[in-house]
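Written below as structure tokens is the structure these notes are about.
The values are calculated or read from the model by the stated rules, or taken from the named source; none is laboratory data. Quick caveat: nothing in here was measured; it's all calculated off a predicted structure. Reconstructed Cβ throughout: ideal geometry from the backbone, glycine too, with neighbour counts over all protein chains shown. Keep in mind that these areas ignore ligands, DNA and RNA; they rest on the heavy atoms of the full protein, side chains included. Shrake-Rupley method; radii C 1.70, N 1.55, O 1.52, S 1.80 Å.
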Amino acid sequence: MYDREGWTVRDDRDGCRSEYKPMINDTLNGAVIWFSHYPEGYWKPDHRHNCAHGIYVIDGALQMGESVFKPETFIWNPAGYPCGHGAAPGKECHFLFVANRPFDIEFLGEEESRRERVIQELNKKENQLRVFPAFDSEVWCEKEEPIGSRFYAKPLLIDHETGMTVEYIRFPADFERPAHRYTCAYGLYIIRGRLVTSFGVCTKGDFIWFPPRYVNERFRTDDEECLALMITNRQYNVVMV
């Protein structure tokens with residue numbers, strides 16, 4: 001994320017310019033994942049998407065409506081949720097963007113925006129944002145694998161349309177998992193620590209995407225724990241090979 005390679009400038013409405021770095025376009029359900037950067041002063045007016053989507057705030061601060069979200073917060077937006085958002089006043093913002101379906105956007109006029117917000121309020125339970133704040137804000141679940149290795153997970157959501165899952169993962173220091181594969185495609189965004197995989201050594205700011213049934217021969221941490229955000233394209237199991 002922190003290198004400059006692969007970033008593209010996007011010209012939005014009203015002369016607003018942001019940057020994004022596309023990474024994944026999943027063949028199973030059309031899910032997309034990319035890094036985004038909103039410069040200070042950037043604001044995207046009210047709009048909606050036909051895809052459900054999530055934003056993980058990496059640094060700076062994101063304003064969505066009247067709410068401001070700080071780093072290490074994941075926000076899940078239901079499909080069709082109307083909202084404006086951008087960098088919070090005096091801040092810029094980098095974030096990881098995840099959509100469960102192919103991405104689209106429809107900007108709303110003032111009258112339509114008011115009508116959509118009324119509908120949103122009437123159906124609040126079904127259409128509200130879901131916010132998952134910093135890692136140590138809730139109880140972690142301890143998981144034990146067949147080989148005896150233990151790690152910790154904090155499930156955030158299972159998307160009812162596609163089976164996409166999002167969860168926080170904490171691998172302890174000196175964790176090691178033997179050769180294995182997942183029954184889905186999945187990605188790990190490294191937030192803290194280092195993770196050694198068959199793809200190489202991954203550190204803070206790296207995003208690794210493992211294709212379906214990819215066999216990971218190496219998967220371990222060093223002498224410090226590793227925190228990651230994990231995203232899958234459907235519900236899954238881990239199979240030792």
- For the stretch 139-241, max minus min Cα coordinate along each principal axis, in Å, sorted largest first? 39, 31, 28
- Message: Tell me the angle of helix 110-122 to the major Cα principal axis of the chain, expressed in degrees between 0 and 90 and rounded to the nearest ten.
- Response: 50
- Could you go through the stretch 153-158 in sequence order and give the Karplus-derived ³J(HN,Hα) for each residue, using 6.51 cos²θ - 1.76 cosθ + 1.60 with θ = phi - 60°, rounded to whole Hz, and x for Gly and Pro? 9, 10, x, 9, 7, 10
- So what J values fall out for the stretch 230-241 if you push phi through Karplus, 6.51 cos²θ - 1.76 cosθ + 1.60 with θ = phi - 60°, rounded to Hz, Gly and Pro as x? 10, 10, 10, 8, 5, 5, 8, 10, 9, 10, 6, 10
- Query: What FRET efficiency, computed as 1/(1 + (r/R0)^6) with R0 = 22 Å and r the Cβ-Cβ distance, is obtained for H160 and E106, rounded to the nearest 0.05?
  - Reply: 0.50
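Which FRET efficiency value, to the nearest 0.05, is calculated for V241 and R130 with the Förster distance at 41 angstrom and r the Cβ-Cβ distance? Write out the running numbers ahead of the final one.
Working: r = 35 Å, r/R0 = 0.85.
For V241 and R130, the calculated efficiency is 0.70.
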- With labels modelled as points extended 7 Å from the Cα through the Cβ direction, what inter-label distance (nm, one decimal) is found for H180 paired with E19? 3.6
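Please report, largest first and rounded to whole Å, the three semi-axes of the ellipsoid equivalent to the stretch 1-101, where each semi-axis is the square root of five times an eigenvalue of the C-alpha gyration tensor.
Numbers: eigenvalues 75, 56, 37 Å².
With the √(5λ) rule applied to the stretch 1-101, the semi-axes are 19, 17, 14 Å.
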- Long-range amide H contacts for E19: which residues qualify at under 5 Å (H placed 1.01 Å from N, peptide plane, sequence gap of 5 or more or a different chain)? R10, H37
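On the accessible surface of the chain, probed at 1.4 Å, how many percent belong to carbon and sulfur atoms? The partial results should precede the final answer.
On the way: 5570 of 11820 Å².
Taking all protein chains in place, the chain shows 47 percent carbon and sulfur surface.
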- Cα-Cα over 24 Å, subset of K91/K204; K44/K204; K44/K154; K91/K154: K44/K204; K44/K154; K91/K154
- Message: Helix-only mean residue ellipticity at 222 nm, the chain, DSSP H runs n ≥ 4 weighted -39,500 (n - 2.57), per residue, nearest 500. What is it?
- Response: -2000 deg cm²/dmol
- Cα convex hull of the chain: mean projected area in nm², to one decimal? 13.3
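Averaged per residue, what accessible surface does the chain expose to a 1.4 Å probe, in Å²? Write down the numbers at each step before the final one.
On the way: 11820 Å² over 241 residues.
Per residue, the chain has an accessible area of 49 Å².
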- Query: Can you list the HN-Hα couplings for the stretch 195-211, worked out from phi with the Karplus curve (6.51, -1.76, 1.60; θ = phi - 60°), rounded to whole Hz and with x for Gly and Pro?
  - Reply: 10, 9, 10, 5, 7, x, 8, 10, 10, 3, x, 8, 10, 10, 10, 9, x
